[in-house]
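The values are calculated or read from the model by the stated rules, or taken from the named source; none is laboratory data. Keep in mind that what you see is a predicted model, and the values were worked out from it rather than measured. Cβ placement follows ideal geometry from the backbone for every residue including glycine, while neighbour counts extend to all protein chains displayed.
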Amino acid sequence: MKPQMSPLVLNDFAIINCNFKFTAPLEITDIRKIAEEYPLDIDFAIIKENDGTRVFIKAGINNGDNKLPGYSIFAEGAAIFELKSVSSLSEEDKKSLLQYSAVSIAINSLRGFISSLTANAPFGKYILPSIDVNNLFQQKFAMEKKDTKVRKKKLSGKN
């Protein structure tokens, strides 16, 4: 099969911040079972500019006060996209490409980096789990709505 190229073009992806730490478990254990329990935090920001769209993506894996043994990772990346002009695309399709598809591609790029980062680590590579991007967007919109209410409340002088 010959694939059709997407009008959404990933021009670049770069890691802009990263922290990695390994903590040995006190006893020999199946690290895969522990890794399934790692707390995971993912956030993103989409910035549209004249020359394209930038997606900033970050993942915190097993960070915080109650770290489990094994890996503790923070990785942040930036992806630069452009949308080739395609007159057949509706505005809704363009918006979907620049949001959901771009964030999915950025997450996959970060997943590849994290896998490479841990490939030679003591417990082998860690693969960032599959993410429900629709749910991630729902959480993001709910957070932004809450933050907007809090800002309006502060500006009005109400506690």
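Please list, ordered by first then second residue, the pairs with beta carbon atoms under 9 Å, 6 or more apart or interchain, first in region 73-102 and touching a residue at least 24 places away in the same chain (Cβ under 8 Å), second in a loop (DSSP other than H, G, I, E, B) and among the hydroxyl-bearing types (Ser, Thr, Tyr). Taking only residues 6 or more apart or on different chains, the pairs are Ile73/Tyr38; Ile73/Tyr126; Lys84/Ser6; Leu97/Ser6; Ser101/Ser6.
Please go through region 114-144 and pick out each residue that is basic (Lys, Arg) and part of a helix (DSSP H, G or I). Residue satisfying the conditions is Lys140 alone.
Does Thr118 satisfy the condition of being at pLDDT 95 or above and out of contact with any helix residue (DSSP H, G or I) (no Cβ under 6 Å at 6 or more places or on another chain)? The answer is yes for Thr118.
Residues that are exposed (fewer than 15 other Cβ atoms within 10 Å of the Cβ) number at least 2 in the following strands (runs of 3 or more DSSP E) confined to region 8-89: 8-23, 40-49. Every condition in (1) farther than 19 Å from Gln138 by Cα; (2) out of contact with any helix residue (DSSP H, G or I) (no Cβ under 6 Å at 6 or more places or on another chain); (3) part of a strand (DSSP E or B) is met by Arg111 except one, and the failing one is (3). Residues considered: Ala35, Ala24, Ala59. Of these, the only one that is within 14 Å of the chain's Cα centre (by Cα) and within 28 Å of Ala119 (Cα to Cα) is Ala59.
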